[in-house]
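Notes follow the structure.
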């Protein structure tokens, strides 16, 4: 395998990651609709912290836990924006 | 489906995302070894920009392109760190 072969693998994995991130956002939007129907706040800081702590515990590397925390802080912020959008 | 059901789905997707991110980092480390053997620099800003532009073009939403760019800037930074580590 040469560099171009590994890059092709990375490109394939990246597209799957984008697909899964979008699926995650769709689920967050479903939660947003349910919260809206119940009159609940979109933001749930305890749940947000739990998600990040659980994923850091799940992570076996090589990606660092600090990167996991940074990425999920951004992912959760985007989910919160999308949850807050009215259907 | 209630909020807890959607959250369980999110948790499952998140674990798969972490697995794929780690797989991506393993591939990046393979590239790092090949570059090291060839005496090439780890950083390749043109490739980094291309990755982000291609993924923004691939993205169909609901996640925003700005979030894609932010996330991949962080992912590529982590890959670069790991590529630079000697085996």
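What follows is calculated from the coordinates using simple rules that are stated; it is not laboratory data. Only a predicted model underlies this, so the values are computations on that prediction, with no experimental measurement involved. Positions of Cβ are backbone-derived with ideal geometry, glycine not excepted, and every protein chain shown enters the neighbour counts.
Couple of notes before you dig in:
- With contacts taken as Cα pairs under 8 Å and at least 6 residues apart, region B:3-84 reaches a relative contact order of 43 percent.
- Across the identical copies, how the residue A:80 labels are spaced - nm, sorted shortest first, 7 Å along Cα→Cβ: 2.8
- Other protein chain Cβ atoms within 10 Å, averaged over every residue that makes up A:60-71: 6
- Over chain A: helical MRE at 222 nm, DSSP H runs n ≥ 4 each giving -39500 (n - 2.57), nearest 500: -28500 deg cm²/dmol
- Dmax and Rg, reported as Rg then Dmax, of region A:19-58 (C-alpha, Å): 11.9, 33
- Ascending list, in nanometres, of distances separating the residue B:41 label from those of the other copies (7 Å, Cα toward Cβ): 4.8
- Zero-based 5 Å bins, Cα pair distances in chain B, whole percents: 3, 13, 17, 20, 18, 13, 8, 4, 3, 1, 1
- The C-alpha atoms of chain A define a longest principal axis, and helix A:45-58 lies at about 20 degrees to it.
- Test item: B:72-79 mean partner chain Cβ contacts at 10 Å: 4
- Inter-chain neighbour count for B:26-38: the average number of beta-carbon atoms from partner chains within 10 Å of each residue's beta-carbon is 4.
- At q = 0.13, 0.14 Å⁻¹ the log10 of I(q)/I(0) for the protein assembly as shown amounts to -0.65, -0.74, computed by Debye summation with a single uniform scatterer per C-alpha, solvent ignored.
- Stretch gain in nm, segment residue B:41-residue B:1, where the contour uses 0.36 nm per residue and the Cα spacing is subtracted: 9.4 nm
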